[in-house]
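What follows draws every value from the coordinates through simple rules; no lab data is involved. Just so you know, these numbers come straight off a predicted model, no measurement behind them. Every residue, glycine as well, gets a Cβ built from its backbone with ideal geometry; the counts of neighbours run over all protein chains shown.
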Amino acid sequence: MRKILLIVFYLIPLISSAQSDWMWWNEKHGWEPGMPSWRSFLHITPGYLGPNALPVPEMKKGIIKPGTTLELGVDLHFMKGDPTQNLFARYYRSFAGNKIAIELYGVVLEHYAMSDSIRDVRVARDYDGKGTAIGDLYFSTLIQLVKDRKFPDTVVRLAGRTASGGQLEAARYSDSPGYFFDFSFSKNYAGRDEKMSFRPYASVGFYSWQTNDDMNLQNDAFSGGIGADLKWAKWTVSNSVSGYSGYKHERDRPVVYTFDLTHILARNEVRLQYLHGLRDWTYQTIKLSMIINLGK
C-alpha cells in the first residue's frame with residue numbers, strides 16, 4: 001500500500017504539469033473536458049496552415065522533358081507573422097521514349113517562427129510558435145498523350161501526397177493524404193533561327209485532400225492555370241497564374257502568380273522563382289535551386 005501511495009505521490013505532479021501545458025490553449029479557444037479533440041478545431045486548408053502544407057501544384061506545360069534530373073533548392077517564404085525557410089528536393093526521370101515520366105519531390109526540412117496572432121488564428125498548440133518540421137512527400141506520373149500534332153501538346157499528370165509532414169500541432173502540415181490530377185496543354189512557336197521560341201500553356205484538373213471534418217471527410221477542388229514560356233539561347237522566362245477552388249469557403253481557394261527564370265549551364269541548370277499569393281495562400285516566396293543533370 002505504501003508503494004502505491006508513493007507512486008501516486010510522484011505521478012500527481014506529472015499529470016498536473018501535462019494538463020497545465022495546454023491550459024493556455026484551452027482558455028484561449030474555450031476548450032473544456034468532454035468537447036471534441038483539439039484536432040477538430042483546426043482548419044485543414046491552405047489559408048490556415050504553413051506555406052508548404054497545401055500549396056498550389058506547380059504547373060506542367062504539355063510536354064515531357066527528356067532525361068533524369070535532381071533538383072535541390074532553398075525556399076524563402078515571406079508573410080507578416082510567419083517567415084518560413086525550407087530545403088526542397090525533386091527527382092525526375094523520363095523513359096519509354098520520353099512518353100512517360102515520374103517525379104518524387106517534397107520539403108526536406110522546414111524552419112518556422114510564427115507570431116502569437118498567426119498561431120491563434122490557426123488554432124495552433126505550439127506555444128512559442130517556433131520550430132522545425134519535415135514536409136510531405138509527393139509522387140507523380142506524367143504521360144504524354146499528344147505531341148507534335150495539330151492539336152496542342154498534351155500531358156496528363158497523376159499525383160499523390162503522403163501524410164509524412166510533421167507538426168500538426170503547430171498547423172504546419174495537414175497530417176492527411178491527398179491526390180490531384182490535371183491535363184496541361186501547350187503549343188510551341190519558334191523563330192526563324194530557332195534560337196527563340198514562345199510556348200503558351202494552360203492546365204485544368206482536380207485536387208482532393210482529406211480533412212478533419214466528420215461531416216465532410218475531404219475537400220474537393222477544381223484546379224487550373226495559364227502561362228507562357230519565352231526561350232532565348234540558354235535562358236527561359238516563364239509567367240503563370242494558377243490555383244484551385246475548394247468548396248468549403250474556408251480559405252481553400254488559393255491563387256498564385258509565378259515568375260520562373262532558368263539558365264542552362266554546361267550540363268546543369270540554375271533556377272530562380274518568385275511566387276506571389278493572390279488569394280488565400282498569402283505568402284511571397286523566393287525559390288533558388290540547382291537542377292543537376294543525371295543523364296538519360
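Based on the Kirkwood approach, the hydrodynamic radius assigned to the range 181-296 is 16.4 Å, with every pair of different Cα atoms included. Looking at the range 38-295, the DSSP beta bridges with both ends there are about 100 percent antiparallel. Take each peptide in 191-201, 31-41, count the other Cβ atoms within 10 Å of every residue, and average; sorted highest first, the result is 191-201, 31-41. In the frame of its principal axes, the range 48-107 has Cα extents of 48, 20, 14 Å, reported largest first. Per the Cα gyration tensor, the range 137-210 maps to an equivalent ellipsoid with semi-axes of 36, 14, 9 Å, ordered largest to smallest.
With a ≥ b ≥ c taken as the square roots of the eigenvalues of the C-alpha gyration tensor of the range 72-161, please select rounded if a/c is under 1.5 and otherwise prolate if a/b is larger than b/c or oblate if it is not? Prolate, since a/c reaches 1.5 and a/b exceeds b/c.
Working from Cα pairs under 8 Å separated by at least six residues, relative contact order for the chain is 17 percent. Structure note, pairs Lys65/Lys296; Lys99/Lys296; Lys248/Lys287; Lys61/Lys150: Cα-Cα distances above 20 angstrom occur for Lys248/Lys287.
To the nearest 10 degrees, how steep is helix 2-21 against the longest Cα principal axis of the chain, on a 0 to 90 scale? Tilt of helix 2-21: around 50 degrees. Amide H contacts of Gly50 (H built 1.01 Å from N, in plane; Pro and chain starts excluded): Arg172, Tyr173 sit under 5 Å, all sequence-distant by 5 or more or on other chains.
Under 5 Å from the amide H of Ser176 lies no amide H of any residue 5 or more positions distant or on a separate chain, with H modelled from the backbone and absent for Pro and chain starts.
For Trp281, the residues whose amide H sits under 5 Å from its own are Val255, ignoring neighbours fewer than 5 places away on the same chain, with H placed 1.01 Å from N. Listed values for the range 269-277 are Karplus-derived 3J(HN,Hα) couplings in whole Hz (6.51 cos²θ - 1.76 cosθ + 1.60, θ = phi - 60°), namely 9, 10, 10, 10, 10, 10, 10, 10, x, and x replaces Gly and Pro. Calculated from the structure at hand, Rg/Rh (Cα atoms, Kirkwood Rh) is found among [x] 1.00; [y] 1.15; [z] 1.08 as [z].
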